[in-house]
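The values are calculated or read from the model by the stated rules, or taken from the named source; none is laboratory data. Predicted model only: the values in this text are computed from it and were never measured. For neighbour counting, all protein chains shown are included, and Cβ atoms are generated from backbone atoms with ideal geometry for every residue, glycine included. Only protein heavy atoms, including side chains, enter the accessible area calculation; ligands, DNA and RNA are left aside. Shrake-Rupley method; radii C 1.70, N 1.55, O 1.52, S 1.80 Å.
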Amino acid sequence: MMDHCFVLAKDSFAEFFESLSKLGRVYAPVKVSDQSYSFRQVESHEQIAFEALRTILPPKKYFYPTQETILRYNDVQIEEHKPEIDFQILFGVHPCDLAGLGIMDTIFTAGPADSHYLNRRQSSLIVGLSCMPDKHCFCQSMGTDCPESGYDLFLTDIGDDYLLEVRTAAGVKAVDPIMPLLRAAGQDDESRYKAFWSNRAQAFTNGFKPDNLRSVMAMEWDNKIWDEMADRCLSCGNCTPVCPTCYCFDLVDIASLNGTSGERRREWDSCQFVGFAQVAADYNFRPGPVDRLKFWYRHKLHGFDDPFGFQTCVGCGRCTVSCPAGIDDIVSVVQALQATNQAKTKHDAN
Amino acid sequence: MTTTTEQKTLPCIAVESLTGCAGELLVILDNLEQLLPFVRIVSFPFAQSKNECGPVDITFVEGSVSQPHDIEKLKRIRSNSRWLIAIGNCAVWGCVQAGACSRCHVEDMLHAVYGDESPIKALPARPLSDFVHVDAMLSGCPINATQFLSVTASLLKDHLPYITHKPVCLECKLRENPCVLIEKNLPCLGPVTAAGCGALCPSLGAACYGCWGPCQSPQMAAMATILQEKGYQLDEVLSRLQTFGAPDTLFARMKPDAEVA
Amino acid sequence: MMQISTPFMPEKGVIRSIVPMAQDNYLFEFKTDTDRLAACKPGQFVELWVPGVGECPISVCSGRVTESIQLLVRRVGRVTNALFQMSEGDWAGLRGPYGHGFPVERYKGQNLCMVAGGLGIAPIRSLWQYVLDHRQDFGKVILIYGMRHSDEMLFREELKLLLQRGDIHVFLAADDATVCELPPFAMQVGRVTDMIRQAAIDHDFQVAICGPPVMYKYVIEELKAKHVTDQNIWLSLERQMKCGIGKCGHCFIGGRFTCQAGPVFQLADLKFVPELIECDNGGAQ
């Protein structure tokens, strides 16, 4: 077995947390309102909301801050801004978010690599946590429901214990101080582990048949569903910062009053804003909400062509719950598109 | 202290006001120390008693045009200024006096306030750009100090300033606030309002009421539809959307039964 | 922990010369300390940065980059306005070169037609300079350049020299023309499409196109009428290439970043790309 599996009693979680917090700052989901959770710094394990499924912003914010200084300049030189990067521990990252980080890693690692993201990514420990889906989760449809990589440690809830998978060298190092608390997983533990994931797979109530999704997205580019949805679209851009794989940014200059120095900054941007695809002389390649909305949908569900060739939706359901207009119900949209597609095929056959 | 000769070489700026609450002026006053080493303030009637009316490099104008003499003053400012920058919602959109008051006749309002013999002449309030060419518009209620300083920094270099008009929702999401529109069904105008305030109201659990004026390309029709679905009446929604001076043209796409004032 | 360096670091490009071209277009020549930009290929672009203002993507305009690089800049936005305030000896930032340019190696041994509309002449110039420097490697060479008004003609002097050469056939068209310094037969009233009709182009030509978005569709139609295949038509697309390194997302089209997969694309490769207003693909799949 590639992963080293151990059993951590839930009663010992406090010690496990203590041990993690000795390595650096720990960030975990905490409850911020009746319905919302957010990754925040936690000092004690009691602050952690273990029941949290999706936080408002995904964990990408810890590697890719909402705004950051890239470089500073004055009249003679340009200097890269290299912030002090502290070691950070992200606790409670669910499978969809691990998949999301995997996609962000691919984009930011592709040459020329993005040092600002990667330097932070390399200076962190990711502790995954199993979850049970709610009515908005559809990671199973996107094939991101089972964690395969992207974590150092992963905890599966198997009743009174967690099954702790240690995936990386950093993970091995992190559990070393708490080895006395752990015991090697036995057959019974492995059965409980398998039962959990099997039950979880049955627990999804939301989803679609993903097989032909890329083709359907291509076929239905002119579907009137986009216009209907766009009539409701606020172009508020809420769907993009909350997406674990939305990486788009803007680069802006902030000049100082002295006229010689300043800095260049990167800020999260959204393809839903009207100026996103506008070029010099005000020519706009995506002037209307419909152009931007279906661009986003296509990017998520059809995704990249070469060289990456993957879809960029991980099925976390954040956009669905964050859209004030209720038009980011990806599952319903896909179901509608697939149905239209089937109807069309039937019609063509006749 | 700077010497007289040095003062002459510094760019000249002026801060003028028309009809407004002077909120912008207070922001500038608060940040004057940062500005002073780099500019000479030739006119700032709100803050200093000796004011010149010669040519200036940059004039910041706050307030809307609401009286006949505002127009004269504005035209004089324009002819004296290399850059004319509208600051604050009043100057950019006309603010409450243009929005909320647009449903009443000026004469009726004057009569209600001043009786039969009004000492003042009033016009329907309008933004500066309805009268003169404005080089850049920095909205706010009041303006954001950081944005103001950054705009000033660009202008001092003779560069067109960078001013975004992205919606409040962006700032709100980046602060990771629970959405009050979704979770509390509050009539939040974040999606159609220009950012810059740091999503102040939603961060405190209140709905955005649009005081910075519209964001770029606001989807007013969609906003109205969504608020109506939450149980708000159309006239109530429209009045909320128009309170801070969003011009009628932004409502052109609304349903025909919508009563656009 | 080993930290890697930022991909957003520009190098200083000192302005060596500024030559006013027609109207609001200036030709800037920059000299940099490193040879990072020396490897520029025709059709590639750089990110030009004016500190305190911002960056914008600019096509490389010179096909023989040695120790300096030429960029044709039109004053249209904040960055270009700021650049126009600079003088010789001042510096701006340059990053690049980025993207895939025109596939000159593939063009070798074949006939080549270059079609430029308006400011699209800038990247096309880098191509003709390269081609003429390696003239023996190519077959017939045609240059078609269209503009709205003859007053807008860029590289007037250079075009004059091209007209005198016997090894490149130059067609110049303007929607509207006034007195022109060029020999009258060289300048015609009309559009690039009219010139394509006149030119001796057939199926064995490679065609490189750059112009305003609205131009492509009509040019492609004309080329199809001349039996030029999708495999032989190459378009240089304009998008908001903000970062230049396939990260910021602004130039995304279909499933790719224009800044990396392009900006020069083979038409056959764009066949199934939605949103491609240049080719009127729309939803045609």
Using a Förster distance of 30 angstrom, determine the FRET efficiency expected from the C-beta separation of A:Ser21 and A:Lys135, and round it to 0.05. 0.30
Computed on alpha carbon atoms, what radius of gyration and Dmax characterise the stretch C:11-98, expressed in Å? 11.6, 32
What's the average, rounded to a whole number, of partner chain beta-carbon atoms within 10 Å of each residue's beta-carbon in B:223-230? 2
Mind checking Rg over Rh on the stretch A:203-333, alpha carbons, Kirkwood formula for Rh? 1.04
Sorted by accessible area with a 1.4 angstrom probe, largest first, how do A:Asp152, B:Asp130 fall? B:Asp130, A:Asp152
Kirkwood Rh, the stretch B:168-251, all Cα pairs: how many Å? 12.6
Quick check for me: using +1 on Lys/Arg Cβ and -1 on Asp/Glu Cβ, what's the dipole size of the protein assembly as shown about its Cα centre, in debye to the nearest 20? 1000
For the modelled label position 7 Å from the Cα of B:Ile163 along Cα-to-Cβ, which residues of the stretch B:114-141 have backbone nitrogen atoms closer than 13 Å? B:127-130, B:133-141
Cross-link table A:Lys135/B:Lys184; A:Lys224/C:Lys226; A:Lys173/C:Lys247; A:Lys31/C:Lys247; C:Lys12/C:Lys41; A:Lys10/A:Lys60, entries beyond 25 Å C-alpha to C-alpha: A:Lys224/C:Lys226; A:Lys173/C:Lys247; A:Lys31/C:Lys247; A:Lys10/A:Lys60
What value in Å³ per residue do you get for the convex hull of the alpha-carbon atoms in chain A? 180
Length gained when the stretch A:Asp227-A:Ala170 is fully extended (0.36 nm per residue, less Cα-Cα span): 15.6 nm
Per-bin percent of Cα-Cα distances, the stretch A:33-166 [10 Å]: 10, 37, 33, 13, 5, 1, 0
Taking loop as defined by DSSP and a crowding limit of 14 other beta carbons within 10 Å, which GluC sites (Glu not before Pro) in the stretch C:1-74 fit? C:Glu67
B:Asp116/B:Gln34 FRET efficiency (R0 56 Å; Cβ-Cβ; nearest 0.05): 0.70
Tally Lys/Arg at +1 and Asp/Glu at -1 over every other residue whose Cβ is under 9 Å from the Cβ of C:Ser68; what's the total? 0
Restricting attention to the alpha-carbon atoms of chain B, what are Rg (one decimal) and Dmax (integer), both in Å? 19.7, 65
Considering the dipole of the protein assembly as shown built from charges on the beta carbon (Lys and Arg +1, Asp and Glu -1) around the Cα centre, which of C:Val131, B:Cys21, A:Thr156 is farthest to its positive end? C:Val131
Evaluated at 4 °C with a viscosity of 1.567 mPa s, what Stokes-Einstein diffusion coefficient in µm²/s does the stretch B:4-156 have when Rh comes from the Kirkwood expression over alpha-carbon pairs? 81
Which of B:Cys208, B:Leu186, B:Cys172 sits closest to the plus end of the dipole of the stretch B:168-251, meaning its Cα is farthest towards the positive end, when Lys and Arg get +1 and Asp and Glu get -1 on the C-beta? B:Cys172
List the lysines whose Cα sits under 19 Å from the Cα of B:Lys157, skipping any in the same chain fewer than 8 residues away. B:Lys8
Any aspartates and glutamates with Cα under 19 Å of the A:Lys209 Cα? List them, leaving off those in the same chain fewer than 8 positions away. A:Asp134, A:Asp145, A:Glu220, A:Asp328, A:Asp329
If you count, for every residue in C:78-84, the Cβ atoms of partner chains within 10 Å of its Cβ, what is the mean? 3
Reduced Cα scattering model of the protein assembly as shown, Debye log10 I(q)/I(0), q = 0.05, 0.06, 0.07, 0.08 Å⁻¹: -0.34, -0.49, -0.67, -0.87
Using the 4.7 Å Cβ rule, please list in number order the cysteines from chain A without any candidate partner. A:Cys5, A:Cys131, A:Cys137, A:Cys146, A:Cys233, A:Cys248, A:Cys271, A:Cys313, A:Cys323
What is the sum of charges around C:Gly166, taking Lys and Arg as +1, Asp and Glu as -1, for the other residues whose C-beta is under 12 Å from the C-beta of C:Gly166? +2
Cβ charges +1 (Lys, Arg) and -1 (Asp, Glu), total dipole of the stretch A:1-125, debye: 180
Given the stretch C:104-278 reduced to its alpha-carbon atoms as identical point scatterers, what log10 I(q)/I(0) does the Debye formula return at q = 0.09, 0.15 Å⁻¹? -0.31, -0.85
Quick one: if the Förster radius is 41 Å, what FRET efficiency do A:Gln67 and C:Asp194 give, using the C-beta to C-beta distance and rounding to 0.05? 0.20
Work out the charge dipole of the protein assembly as shown with +1 on the Cβ of Lys and Arg and -1 on the Cβ of Asp and Glu about the Cα centre, then indicate which of A:Ala169, A:Tyr37, C:Gly99 is farthest towards its positive end. C:Gly99
From most to least accessible, 1.4 Å probe, no ligand or DNA/RNA atoms counted, C:Trp91, A:Trp268 line up as C:Trp91, A:Trp268
State to the nearest 20 debye the size of the charge dipole of the stretch B:158-220 about its Cα centre, where the only charges are +1 on K and R beta carbons and -1 on D and E beta carbons. 140
Among the lysines, select those whose C-alpha is under 20 Å from the C-alpha of B:Lys75, and discard any that sit fewer than 8 residues away in the same chain. B:Lys121
In nm, to one decimal, how far is the A:Thr205 label point from the C:Arg106 one, both placed 7 Å along Cα→Cβ? 5.3
Here the whole-number average of other chain Cβ atoms within 10 Å per Cβ of A:287-293 is 1
State which stretch of chain B is the longest one without any exposed trypsin sites (Lys or Arg not before Pro), exposure meaning a DSSP loop state and at most 11 other Cβ atoms within 10 Å. B:122-261
